[in-house]
Every structure is written in structure tokens, then in C-alpha cells.
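What follows is a single structure, written as C-alpha cells, with notes after it.
The values are calculated or read from the model by the stated rules, or taken from the named source; none is laboratory data. On a predicted model such as this, the values are computed, not experimentally measured, just so you know. Using ideal geometry, Cβ is built from the backbone for each residue, glycine included, and neighbour counts are taken over all protein chains shown. Remember, those area values only see protein heavy atoms, side chains included, never the ligands or the DNA or RNA. Shrake-Rupley method; radii C 1.70, N 1.55, O 1.52, S 1.80 Å.
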Amino acid sequence: MDILESLKMAGKTLVANKLRSGLTMLGIIIGNASVIAMVGVGQGAQKYAADQFQSLGTDIIFILPGTDNARRNTITPPNRLVLADAEAIATQVPSIKDVAPQVNGSELATYKNQTQRATLIGTTPEYSSVRSADVSRGRFLTSDDLKRNGRVITLGAAIARNLFGQTDPIGQQIRIKGISFEVIGIMAEKGAFLGTNQDDSVFIPITTMTSRLVGKTSPYGIGISFINVAAKNSDSVSTAQFQISNLLRLRHQTTDINAEDTFTIRTQKDALEIVDKISGALTILLAATAGISLLVGGIGIMNIMLVSVTERTSEIGLRKAIGASQSSILTQFMIEAVILSLAGGFIGTGLGISGVLLVGAVTPLKAGVSGVAIVIAVSVSGAIGLFFGVFPARQAAKLDPIVALRST
């Protein structure tokens, strides 16, 4: 009996037991749909993270106080990163374009009877260009605001909307820690990033921030949270990182080869690689967990095929009595198992793709599934059917025709 004839017979057999065939495929369908969905959402998360890092600005270098070990081993590591360090980088490192020191805080912002928790960012005018932070209305901070310790503030889009509603915020006064600030501008929408809504931030001159709100001082000068640096171009990032590192070691007197640095330098590329590794590992973990359904589906196929062998013992005996070979019987049952798994694989893949598209439509994730992932998922489904169909098929092929006929 040729393959075409075996396919026809397998199709008729499976169609004759629609409910059983459908339930048998259910495990494969769920497994494939889960794997496709998890891989697609994972890839979408990686793309989203990459876009978010790009929104921070291009060719960015972040300088943080303390080392990774110091931050892990102490609750509050000593802060030796000061405003003078940022000023030295701006004037003495030739491979950079702009420098924006930053001091962070969190306080309640109040306008009349409206109050909201705000993320305070004390910074300089260069922040806007370094971090690609655009102003939609009004203006950003200026050097004059810093020189006179101006009590002015530029609001994030969300906090402006929540505090003022339909009122024009420009020129209005809001209070933070009992101090009045004049609203001079509204930032453009930027959205959430790594769990922080950037539109809930407010921007204050760094001199005003340190003298009136947070008072971040240290024995070394005005302490800052970190420094944002923009390299001249992508080719200058490594050079700038090297030059900044040497400068800060000289300033902090840690040039000895055995001395531990008092700072950590991270590039935008470093941060993106970390996020890619984490999201990639989570995608693999989720896909592997979902893949357990494929294993369960394969076991279900083997179970049903064993039942089918028992039910069709007389048919097998009759076919062998009229000359059917073991290989033809083996092929017949193997084809049935593969058809079940492949059909389940295609249906599951369709459902998985639909789920990924739905996630992409209702969330910010740019979810999508590569053709390679689809081919692998369907191929694995077929391989599972082939693997778990071998044992029942061999059982059927080894039946003695006389014993099989007597069982009728």
C-alpha cells in the first residue's frame, strides 16, 4: 500500500472519530499556542525595551556614584560624585558633547486643592538635549535660572494634566515642601520606562534643588545622584568612557592600581544588553514552561493511539492475513499520529499568532513572531507525533494475524 493510500485511510479514520481526534489534538494546540505567544510577547518586550532606551537619547553615558559591590554590600554607600565632577567632565573631556548632572528626589506637589506625588529632578539646561527631553509648551531651564537659584519648574505632561486639568499651567505657582515655584514649561509626553512614569517628573534648577529641597551635600562638595553624558557620536562612546574614567580617578585620588573606583560608568549599550539578557532568559523560561503542554499532548497522542490499536485489532489481523506487511501497518499508524500532531500544531500556531497580535494591539509591546519560530513550533509538533506514535505503531505492526483475528 502506497503512502497516498495510507494518508486517505488515516484521514477517514480520524474524521470518523471527530471528538476523540479533537480532544487528542488539544494538548498540542495548547502547547503550540502557548509557545508561540510566549516567544512573540518576549520578542515584543525586547523591542519595547530597545525603543525605550533609544528614547533616553543617543550615545548616552551614565555615571553613578559607588561601585556595584559597594551598592550591594552597604545600605547607603558614600557618595563621592559631586557637581564639580560634572563641571570638570564638561570642560576637560574632549570627546563629549553635553553633560547634565542630576539630583533625584520625591515630594508632594500642590496646586490649590490638588496634590500629587512627583519625582523631582534637579538638573541643568543640558538635560533637555542629552536625554532628548522635548518641551511642548513654554521653556526648559536656563543657565540664568541656575545662577540665581530660581524657583522655577518645568512639569512633566502627566503631572501638569493631573494638577491643572483644563487650566493653563504656564505662569501658575505650585508648592513643594512649602516653597512656591513658578511653572515655566510643560514637557512633551514620554511615557513610562522601567517602572517609572517619566511624565510624572518635575524639573528644577539643580542649584535650587540642592539648596532648598534635598540639601545633598558631602565632604567633597554638592552630592548628585548621577551624571548624564552625551558623546559626540556613537564612535566616541568608548573614548569618552575611557577619558571620563581617567579624569574621575585623578579627581578622586584613586589612580593606584589596587584602589577601588568610587564611581561606575554605564553606557546605553550596556543597559540595553542587560535588559536583552533578562528578557531573553524570561522568554526561554516561559517558552520552556509552555512547552510542557507539548509533552503532555504527545503523551495524549500515544495513549489514544494505543486505544486505537486495541479497537482495531481485528482490522489489523485481517489486513495482515491478506498480505499487508509490518511496515505498511507501522506506516499507517505513524501517519495517523503525525497528522494529529501536525493539525494540532497548525491550529495552535494560528491561535498563538492571534494572541500575539492581540497583545500588540492592546499594549505598548510591539509583539511579533518570526517565521523561524513558527517553523520550529510546527516541526516540533510533527516530531512529537512521530516520537510518541512509534510505540503504538510498533505494537500494531507486531500483532500476530491469527491472534488478532481470534480476538474478534
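Before moving on, here are some points about what is shown:
- Å² per residue, accessible surface of the stretch 317-388 at 1.4 Å: 47 Å²
- Solvent-accessible surface of the stretch 119-193, taken per residue with a 1.4 Å probe and all protein chains present: 44 Å².
- Summing charges over neighbours of residue 25, with a neighbour being any other residue whose Cβ is under 15 Å away from its Cβ, gives +1 when K and R count +1 and D and E count -1.
- Probe 1.4 Å - accessible area at residue 261, Å² to nearest ten: 40 Å²
- Between residue 292 and residue 266, the C-beta separation translates, for a Förster distance of 45 Å, into a calculated FRET efficiency of about 0.75.
- Theoretical FRET efficiency, 1/(1+(r/R0)^6), r = Cβ-Cβ of residue 327 and residue 282, R0 56 Å, to 0.05: 0.75
- Separation of the residue 383 and residue 273 label points, Cα + 7 Å toward Cβ, nm: 3.1 nm
- With 31 Å as the limit, the listed pairs 177/277; 190/232; 177/232; 12/398; 269/366 have 177/277; 177/232 beyond it between alpha carbons.
- Interchain or long-range residues, amide H under 5 Å from residue 187's placed H: 136, 155, 156, 157
- Normalised size of the stretch 199-310, defined as Cα radius of gyration per 2.2 N^0.38 Å with N residues, equals 2.04.
- Sequence-distant residues sharing a close amide H with residue 172 (under 5 Å, placed H): 183
- As a fraction of the 1.4 Å probe accessible area of the stretch 115-165, surface on carbon and sulfur atoms comes out at 41 percent.
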